[in-house]
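Engineer: Take a look at this one; I'll ask things after.
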Amino acid sequence: MTKTKLTPFASLLGAVAGLALAVPAVAQDFPSRAIEYIIPFNPGGESDITARMQEPMMEEALGVSVNVRHQPGGGGAVAWAEFQGNAEPDGHEIIGINLPHIVGQPIQRTDAGYTTEGFDIITWFHFTPHVLVVRADSPFQSLDDLVNFAKENPQSLTVGGSGTFSGNHLETLRMEQLTEADVTYIPFTGTGPLPAAILGGHVGAVISNSTLGVQMGDDVRVLAVASEERLDVLPDTPTFRELGYDIVGGTYRGVAAPKGTPPERIEMLANLFTEMNTTMAERQVPMGFQMTDIRGQAAIDLLARLRDQYGDFLTQ
């Protein structure tokens, strides 16, 4: 089946920017200045695309400037460490956060520079299941082809992904364990560089997010998706479970404030992100995003669930 390529992201941003929001009234003393919105990855990835859609809607709702800036490095760890060390807990500084990244990195790295519990989570606003992708002209026609090659040629197959001990990395480790394949994982500073890496032949495969499989269309072959059921946006792609491997997982994206931010400001921002999700769903769902609204205790419980899900790899 031929996949339809997406409208250029610039056009999507323009369309979303013109949509109105019905958001709760903002407290008179907040915000009193521009909002700094930090994205801890490269431009061009899912976190960046989403923040650029949110930016004009936030400005309209809040009545102040919203400055989106990128601070890539360490699969997000560089920005998260600086944020926890320096951001003021008044709601004017917020940062994109990802799962299982913020669970896995502090366990695996004694020098991660931040702690999983060192954020006030505003909300987890969407989820993208992982996909295993190869170039369209790859000799791997199926997951079995790739697995058999990786078994017969240990560490010869390079698999790219965003960050170390991130969702992409942990899913690669889980795939290796369950399939008994032996690959070499190549970390990138975000999902933005992955299309060029796979198309340029710099890696033999990529484990990334469903959005990448949709975005790249006929340039790639999506061998498997780590979801409970096949995705509407990738209907011809089998799940790992269909192929005999119990791999279900992906990346949650959300936003956080510094620890100690006033609860009423956290709630107000959470309501705003929920309203923006409603507006953006029409555009983002066809791109491969699954919209969520996970906040409060449910957001904290999600951290514990993912610790259990990836526990074998986090404690090796």
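Engineer: Quick check for me: using +1 on Lys/Arg Cβ and -1 on Asp/Glu Cβ, what's the dipole size of the chain about its Cα centre, in debye to the nearest 20?
Structural biologist: That gives a dipole near 340 debye.
Engineer: In segment 89-195, which trypsin sites (Lys or Arg not before Pro) fall in coil by DSSP and have 15 or fewer other Cβ atoms within 10 Å?
Structural biologist: Sites meeting the loop and neighbour criteria: Arg109.
Engineer: A further question follows. Report for the chain the percent antiparallel among DSSP-assigned beta bridges with both residues inside it, nearest 5. Please list the in-between numbers first.
Structural biologist: Details: 27 of 43 bridges.
In the chain, DSSP labels about 65 percent of beta bridges as antiparallel.
Engineer: Along segment 60-72, what does the Karplus equation 6.51 cos²θ - 1.76 cosθ + 1.60 (θ = phi - 60°) give for ³J(HN,Hα), rounded to whole Hz, x for Gly and Pro?
Structural biologist: Once rounded to whole Hz, the list reads 5, 6, 8, x, 9, 5, 10, 9, 8, 9, 9, 9, x.
Engineer: Here's a follow-up. Kindly write out, for segment 34-44 in residue order, the coupling ³J(HN,Hα) from the Karplus curve 6.51 cos²θ - 1.76 cosθ + 1.60 (θ = phi - 60°), rounded to whole Hz, with x marking Gly and Pro.
Structural biologist: 4, 8, 9, 10, 8, 10, x, 9, 5, x, x
Engineer: I've got another one for you. Report the antiparallel proportion of the DSSP beta bridges in segment 129-225 as a percent, rounded to a multiple of 5.
Structural biologist: In segment 129-225, DSSP labels about 55 percent of beta bridges as antiparallel.
Engineer: Still on this structure, I have one more. Report, by chain and number, residues whose modeled amide H sits under 5 Å from the one on Ile122, excluding near sequence neighbours (fewer than 5 apart, same chain).
Structural biologist: Val255, Ala256, Ala257
Engineer: Using modelled amide H (1.01 Å from N, peptide plane; none on Pro or chain starts), what sits under 5 Å from the amide H of Gly161, excluding residues fewer than 5 places away?
Structural biologist: The answer is Ile186, Phe188.
Engineer: If you take the charge dipole of the chain about its Cα centre, with +1 on Lys and Arg Cβ and -1 on Asp and Glu Cβ, which of Thr189, Ala79, Gly296 is farthest toward its positive end?
Structural biologist: Of the options given, the answer is Thr189.
Engineer: Counting only protein heavy atoms, what percent of the accessible surface of segment 77-187 is carbon or sulfur at a 1.4 Å probe?
Structural biologist: 46 percent
Engineer: Here's a follow-up. Please name which of Pro56, Asn67, Ser32 has its Cα lying farthest along the dipole of segment 27-76 towards the positive end, using unit charges on Cβ (Lys, Arg +1; Asp, Glu -1) and the Cα centre as origin.
Structural biologist: Toward the positive end, the furthest listed residue is Asn67.
Engineer: So, one more: Which Rg and Dmax, in Å, describe the Cα atoms of segment 189-248?
Structural biologist: 11.8, 31
Engineer: Provide the per residue accessible area, probe 1.4 Å, for segment 134-239, rounded to a whole number of square angstrom.
Structural biologist: Details: 3970 Å² over 106 residues.
In whole numbers, segment 134-239 has 37 Å² accessible per residue.
Engineer: Farthest toward the dipole's positive end in segment 129-225, which of Val131, Leu178, Gln141, given Cβ charges of +1 (Lys, Arg) and -1 (Asp, Glu) about the Cα centre?
Structural biologist: Value computed over the given set: Val131.
Engineer: Under a Cβ-Cβ cut-off of 14 Å, what is the net charge of the residues other than Ile39 that fall near it, where Lys and Arg count +1 and Asp and Glu count -1?
Structural biologist: Working: positive: Arg52, Arg69, Arg253; negative: Glu36, Glu46, Asp48, Glu55, Glu82, Glu93.
Result for the neighbourhood of Ile39: -3.
Engineer: If you add up the charges near Thr123, with Lys and Arg at +1 and Asp and Glu at -1, over every other residue whose beta carbon is less than 12 angstrom from its beta carbon, what do you get? Intermediate results must be reported in sequence, preceding the final value.
Structural biologist: On the way: positive: Arg253, Arg295; negative: Asp120, Glu267, Glu275, Asp293.
Once all neighbours under 12 Å are counted, the net charge is -2.
Engineer: Divide, for segment 129-225, the radius of gyration over alpha carbons by 2.2 N^0.38 Å, where N is the residue count.
Structural biologist: For segment 129-225, the normalised Cα radius of gyration comes out at 0.94.
Engineer: For segment 210-316, just the Cα set please: Rg and Dmax, both in angstrom.
Structural biologist: Rg, Dmax (Cα atoms, Å): 16.8, 48.
Engineer: Counting Lys +1, Arg +1, Asp -1, Glu -1, what net charge surrounds Gln290 among other residues with beta carbon under 13 Å of its beta carbon?
Structural biologist: -4
Engineer: Another question about this same structure. Quick check: from the Cα gyration tensor, does segment 31-75 come out rounded (a/c under 1.5), prolate or oblate?
Structural biologist: Since a/c reaches 1.5 but b/c is at least a/b, the shape of segment 31-75 is classed as oblate.
The values are calculated or read from the model by the stated rules, or taken from the named source; none is laboratory data. All of these numbers come straight from a predicted model, not from anything done at the bench. Note that we place each Cβ from the backbone using ideal geometry, even for glycine, and neighbour counts take in every protein chain shown. When the accessible area is computed, the model is the full protein with side chains, heavy atoms only, and any ligands, DNA or RNA have been set aside. Shrake-Rupley method; radii C 1.70, N 1.55, O 1.52, S 1.80 Å.
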